[in-house]
Amino acid sequence: MHPLIQLLLINAAVSAAAFVGLWLIGLKLKDVSFIDSWWGLGMGLIALTSWLQMGPTPHGNLLLILCAVWALRLGGYLLWRWRKNGPDRRYVTMMAHAQSERGWSFAKASFLLVFALQFLLQFIIALPVQLGHGSAAPLGALAYVGAAIAVIGILFETIGDAQLTAFKAKPDNAGKVMDKGLWRFTRHPNYFGDACVWWGLWLIAAQTPQGLWTLPAPVLMTFLLTKWSGVPTVEGRMRRKRPDYEAYVQRTSSFVPWFPKKG
């Protein structure tokens, strides 16, 4: 068997086992909201299993370090948020709809709509940290550029999340729109940071023969963030709950940071 095929099969088996275990926990809790934290942590696990199989290489070491930092930060933050706030209304609504409209059990709905789907998406998006290990060549300019973009992304989403958390912690801000700090320049600094991380990781992987072909990973990640589960979900809810949000939309860049419009 080709080493790369073996790598992917082992990674898929490890990831699938983790998702099944988490699904069983979700059945016991009757809540699947914690799966958001595994989005990052699971990527880190895949990066680690790839590194263990392929052995240390300049590109592999850099991919593992950056992915691990991103995964631990994001996973830890989302786990803390779930513990603090309880079940996420998005998942509660999804499960209720599947059970009432489709007649599915909680077990079936959570497995198909949450755990199996996220397993597939996570595995595809993690392709750069799986296939970017196979070269012993030294790091080149493209890898350094990718590392810089990934670091900027990690800092961007970390600062954005910290600013939003501090804003929400103040009772006087209840019902208000966060438009300070990084949120003054983009409505979604956390999502923009996420996209930067995965484009940066792809640039590192792209210096290896097989890593170059993992371009669909950052493309898919950007699509999910901007067109599917990221921006549309948040903005739909904010427009319903925050009367001032439409004005914020008119003056603030949707995704890529830019100076706010005047007037």
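Bear in mind these aren't lab numbers, they're just calculated from the coordinates by the rules spelled out. Because the structure is predicted, anything quoted here is derived from the model rather than measured. Glycine gets a Cβ as well: all are built from the backbone with ideal geometry, and neighbour counts include every protein chain shown.
Descriptive notes on the structure:
- In loop segments of region 161-211 as defined by DSSP, the trypsin sites (Lys or Arg not before Pro) with at most 15 further C-beta atoms inside 10 Å of their C-beta are LYS176, LYS180.
- Legend: Rg and Dmax of the chain, from Cα coordinates, 19.4, 63 Å.
- Checking every one of the trypsin sites (Lys or Arg not before Pro) in region 42-144 against DSSP loop status and a limit of 15 other Cβ atoms within 10 Å picks out ARG102.
- Applied to region 111-128, the Karplus parametrisation 6.51 cos²θ - 1.76 cosθ + 1.60 on θ = phi - 60° returns per-residue 3J(HN,Hα) values of 5, 6, 8, 10, 6, 5, 5, 5, 4, 5, 5, 4, 5, 5, 5, 7, 4, x Hz, with x for Gly and Pro.
- Overall form of region 114-211 per C-alpha gyration tensor (a/c, 1.5; a/b vs b/c): oblate
- The value of relative contact order for the chain, using C-alpha pairs under 8 Å at least six residues apart, is 21 percent.
- Calculated [θ] (222 nm, deg cm²/dmol) that DSSP helices of n ≥ 4 give over the chain, each run adding -39,500 (n - 2.57): -22500 deg cm²/dmol
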